[in-house]
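Worksheet: the structure to be examined is printed underneath.
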Amino acid sequence: RDLILEKAREVCKCNRQTIISFFCHLFPVLDWLPHYHVKTQLLGDVISGLLVGIVAIPQSISYSLLANQDPIYGIYTNFFCNIIYFAMATSRHNFVGSFGVLCLMIGQSVNRHLQLAGYSDDNTGSLLVGNSTSPTNGTGVCDRSCYAITVALSLSFLVGLYQILLGVLQLGFVSVYLSEPLLSGFVTGSSLTIITSQMKYLLGLKIPRHEGVGSFILTWVDLFGYIQNTNICDLVTSLIALAIIVPVKEINDRYKDKMKAPFPVELLVVIVATVLSYYFNFEERYKSAVCGAIPTGFRKPTLPDTKLFSSLAVDALPIAIIGFAMTVSLAEIFGKKHGYAVRANQEMVAIGMCNLIPSFFYCFASSAALTKTLLKESTGTQTQISGLVTSLVLLLVLLWIAPLFYSLQTSILGVVTIINLRGGLRKFCDTPQMWQLSKVDTVVWWMTMLASTLITTEIGLLVGVCFALLCIIFRTQRPRATLLGKVSNSEIYEDQSTYKQLSSIANMKIFRFEASLYYANKDYFKTVLYQKTAVNPTLLAAKHQRMEAQANADTGHSKSFFCTRFHCLKPAKKRAEQSPADVCPPSIDMHTLIIDCGAMQFIDTVGLSVLKEVHHDYKDIGVQVLLANCNPSIRHLLQQG
């Protein structure tokens, strides 16, 4: 009781220094901003912020389309997230905003709730009209666009709440279960799903949006089924945009070390396409789908719809985990590269606040975005001041420029989305090298990718995590086991099947089990031990008993065989004198077995029982069992057991 009270006093003590430390810990900007070097850092931050802001404009609009939202909400999301992340992040290079994979998951959840609410999906472009400046479109009735953002901001609130709770409870270690091959496979599978969902915009088709298992295949079936209805204007525009953007992006990637800044080809194509669509009236003349009216300014804050929380709670969990995993992994990569520390739990709180607070300002869930983070780092950013500059660029769009995108075709937005997924698709080229390094990781990658593509993104993530954990279990369930030999003129012992010219010690065998001994591999341990040593004590003991019984039957002393051990001592001695050849145990080529426990991290109670059985069984046939290289925890267990 006294110890608990003492610890509680230490934690709960409050003074000026404690309060300052608390706020500096919660808001890292208070720690690094007073030491900001304007002369050496400001120029790089401003240039990087401007370039990222220019790239973020078309991507914000295109990712809104992916999340089933009006274009303005994507700009809101990127604007607010950068301001909050500036104040709370420990990473100096991450860009937080709309991310393709999360937008896909948000769009699937939003579409599912739209269907449950009875909103028609006949006009797939209706969400892009964006002609409402109030939640009810001025009629007192929440239209499809209004309900879509209501679902999205409620989802964002739950995602932020989950992430903050995980960060406060110091559960940042959750991300370790999302291995790099698993995340890579998930991103690639999600990229294929995103490309599939955007193909209807490139072709100008109006097809139903499928959800759930098999939606990937059903969407492609519908695309080929409706191919005769392709809008030629949208198709030609998409092909021209692809032909321009892809080569320029490749040039940017190839010569990024020589170029001071990448050429903003996406923004240029968006501007030119908008001007052409406006002057040639693509919407009226060729029936092309366009963004429509995009309002300026900000909307009044609103509260999330608590009635949706119960149905969105499950959808929010994988979004929260993926968002946190991407944010922390990118933060740690660039933190290690540039030599500064990143706090995983603080990053979780920061990204949680980037989802919680903006949910009151018509924003959907966000995380660190890979492409824009890479751009930010390559253009010389020094601190999160560049995020403020990016928010200023987006503020100009929100206040004055947004309505100019009225005539922008949705096919151009689809092209921008697809082109930014090239990184995920390139992972296919890395699989042969991954197979050479680790076949298990490659199988995890393919399993996660296929499950994310062919089933759903959420189930695909769950399948990937479960399969990766099963692979770990299988590896420990059937680990490598070898017999060791001695290197001549030394005290070094190595695997006899791997190294040549190792000498064996006469009548002694050394067995190494390269995993912890626990309930899942206990049977395999005994099996491989008997196989490697070529001595099965159970069979030998049974054979000895049969021989002894047969000898007793032959000499007429079978009765003494079934008596107690104490009473059998003298008859057994007599039998041994009468027929020694019949009752002698089968000959074996060892008198000592050494089990190398150096690779065992732990032994559970079942493993301890197995060691007892092995010791007892070998003792019955005259073989001594010794344990070597036991770590302190195993020694303690052996002493207790």
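The values are calculated or read from the model by the stated rules, or taken from the named source; none is laboratory data. Source: prediction; values computed, not measured. Because the Cβ atoms are built from the backbone with ideal geometry, glycine has one as well, and the counts that use them run over all protein chains shown. Heads up: the accessible areas ignore ligands, DNA and RNA and are worked out on the full protein's heavy atoms, side chains in. Shrake-Rupley method; radii C 1.70, N 1.55, O 1.52, S 1.80 Å.
Being modelled with pLDDT under 90, touching a Gly at 6+ places or on another chain (Cβ under 9 Å) and open to solvent by less than 70 Å² (accessible area, probe 1.4 Å) is true for just one of 100, 49. Which residue is that?
100
I'd like to check which helices (runs of 4 or more DSSP H) are fully inside the stretch 1-92 and have at least 1 residues that are within 31 Å of the chain's Cα centre (by Cα).
16-26, 29-32, 38-66, 71-88
Just for the stretch 485-525: of the residues that are out of contact with any strand residue (DSSP E or B) (no Cβ under 8 Å at 6 or more places or on another chain) and without any contact (Cβ under 8 Å) to a residue 40 or more places away in the chain, which one is least open to solvent (accessible area, probe 1.4 Å)?
Top of the filtered list is 490.
Kindly indicate which of 324, 298, 309 is part of a helix (DSSP H, G or I), in contact (Cβ under 8 Å) with a residue 40 or more places away in the chain and either open to solvent by 40 Å² or more (accessible area, probe 1.4 Å) or out of contact with any helix residue (DSSP H, G or I) (no Cβ under 7 Å at 6 or more places or on another chain) (or both).
Working: 324 fails: either open to solvent by 40 Å² or more (accessible area, probe 1.4 Å) or out of contact with any helix residue (DSSP H, G or I) (no Cβ under 7 Å at 6 or more places or on another chain) (or both); 298 fails: part of a helix (DSSP H, G or I).
Only one candidate passes the filter, namely 309.
Within the stretch 85-117, work out how many residues are of a type in the set (A, V, I, L, M, F, W, C) and touching a strand residue (DSSP E or B) at 6+ places or on another chain (Cβ under 8 Å).
Number of matching residues: 5.
Condition check: out of contact with any strand residue (DSSP E or B) (no Cβ under 8 Å at 6 or more places or on another chain) and in the same structural domain as residue 87 (by the TED database). Does residue 367 satisfy that?
In short, no.
Note down all Cβ pairs under 6 Å where the first residue falls in the stretch 461-476 and is farther than 21 Å from residue 190 by Cβ, the second is assigned to a helix (DSSP H, G or I) and open to solvent by 70 Å² or more (accessible area, probe 1.4 Å), and they're at least six residues apart or on different chains.
none
In the set 452, 411, which member is open to solvent by less than 20 Å² (accessible area, probe 1.4 Å), under 18 Å from the mean Cα position of the chain (by Cα) and in contact (Cβ under 8 Å) with a residue 12 or more places away in the chain?
Going through 452, 411 in turn, the sole match is 452.
In the stretch 355-390, how many residues are under 21 Å from residue 329 (Cβ atoms), surrounded by fewer than 24 Cβ atoms within 10 Å (Cβ to Cβ) and not hydroxyl-bearing (Ser, Thr, Tyr)?
Residues meeting the conditions: 4.
Among the residues of the stretch 534-556 satisfying the criterion of being at pLDDT below 80, among the small types (Gly, Ala, Ser) and open to solvent by 60 Å² or more (accessible area, probe 1.4 Å), which is nearest to residue 593 (Cα to Cα)?
Of everything passing the filter in the stretch 534-556, 553 is nearest to residue 593 (Cα to Cα).
Answer yes or no: is there a residue in the stretch 73-81 that is at pLDDT 90 or above, out of contact with any Asp or Glu (no Cβ under 7 Å at 6 or more places or on another chain) and open to solvent by 10 Å² or more (accessible area, probe 1.4 Å).
Checked the stretch 73-81: at least one residue is at pLDDT 90 or above, out of contact with any Asp or Glu (no Cβ under 7 Å at 6 or more places or on another chain) and open to solvent by 10 Å² or more (accessible area, probe 1.4 Å).
If I ask for residues that are within 24 Å of residue 87 (Cβ to Cβ), open to solvent by 100 Å² or more (accessible area, probe 1.4 Å) and among the β-branched types (Val, Ile, Thr), which ones from the stretch 1-41 would you list?
40
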